[in-house]
Each structure stands twice: as structure tokens, then as C-alpha cells.
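Here, each number is a calculation from the coordinates, and none is a lab measurement. Keep in mind that what you see is a predicted model, and the values were worked out from it rather than measured. Cβ coordinates were reconstructed from backbone atoms using ideal geometry, including for glycine residues, and neighbour counts include every protein chain displayed.
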Amino acid sequence: MMIRNRLAISAFVFLAATAPAFAHLDPGEHGSFAAGFSHPLFGADHILAMVAVGLWAALLGGRALWQVPVAFVGTMMLGFAAALFGAPLPFVEPVILASVVVIGLAAAAALKVPTPAAMAMVGFFAFFHGHAHGGELGEAGAASFMIGFALATAFLHLAGVVIGLGLGRVFGGQLGQMVTRGAGGLTALAGLWLALGA
């Protein structure tokens, strides 16, 4: 238990320490690890969606705790590759905004579905997130850029999982689940606000 708590704290400290250190480099000019790592950290839609994935995974529990975030990261990289090869994908930005609302609502409702169904759902949205990243990249450094944004995404998922599990432990039982669900609801509302402002 103590090791798990230390790991969670370390993840938060690392994320907090590195986020300001990486300037938001233009991917078209800087196809680098730093540009890839910084990219998801400077888009509210990406941050909200990825944290929501972690919240929902925490509420699902069991294998979903890690399989749902892994499905997101893996499918996101497929979308990135599709964009690099020039495969067209319509409605990328609207679907990314929808992902914040839908995944946030899944967390708010504590939607209980089989893990493969949750993986498929987040994977669908992840493909669009990855395509957006690939579409913004210039000619250089595709591999290092991809590793950077995949790592940042994984940390955002971890943050969501830690928040979800942490709220559950702090408040305990049903109240903890309600608070976690409330965080998911706030994510969905933020997604609606972004969509209406877009």
C-alpha cells in the first residue's frame, strides 16, 4: 500500500514538474520528443479526455484499470500513423470534443460495461486524437514525437486513475464513488463548454 501511494505521489510530482519545463513547441517545426510530450499538455480537450479515461477506468476497476488506458494509447498511435500516411479522417475536432463529453458522462454514470467494450469505446475516440497529433506534425522526428505524446498521454491517464482511486479512498465507499463520478460529470460539462465555445 505504501509503495503504491509513493508511486502515485511520484507520478503527480513528475507530471507537475515536467509540464512547465516543456515549452509548447510547434510540431510542424519541432518533430521531437519534447514537442510530442508537451503537445497533449497544452490542449484542454486532450487533457480532459485523457483524465476522464483514467477516472472511468478507476470506477470500472479490475483489469480495466490498466487495459482501458492501454487501449487508448495503443489506438491513438494507430491514428497517428494513419495521419502520417495521409489517410483522411473526417470530423476529427468534433469527435475529439465529443470524446470529452462521452467519456466524462461514462465516468459520471459509473457506466459498467465489459472491459473489451470500454476499450473499444475509448479506442474509437483515441484514433481521432492520434490522427490530430499526426496531422499537425511536420516532416521530421515522427518516432520521437510519437513516443513523447504517448508518454504524456499515459501520465494523464495515470493522473485520472490516481484521482479516481484517491477520491474513493479519501471519502470511502459510496461517497467516494459519488465524488469520483462528480469529477467525471465536471469533465463532461467542461467538454460541453469547449464545444459551445469552438
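Some notes on this structure:
- Relative compactness, segment 133-179, computed as alpha-carbon Rg over 2.2 N^0.38 Å: 1.79
- Calculated FRET value between residue 44 and residue 171, using beta carbons and R₀ = 30 Å, to 0.05: 0.70
- Gyration tensor (alpha-carbon) shape descriptor, segment 66-165, a/c threshold 1.5: prolate
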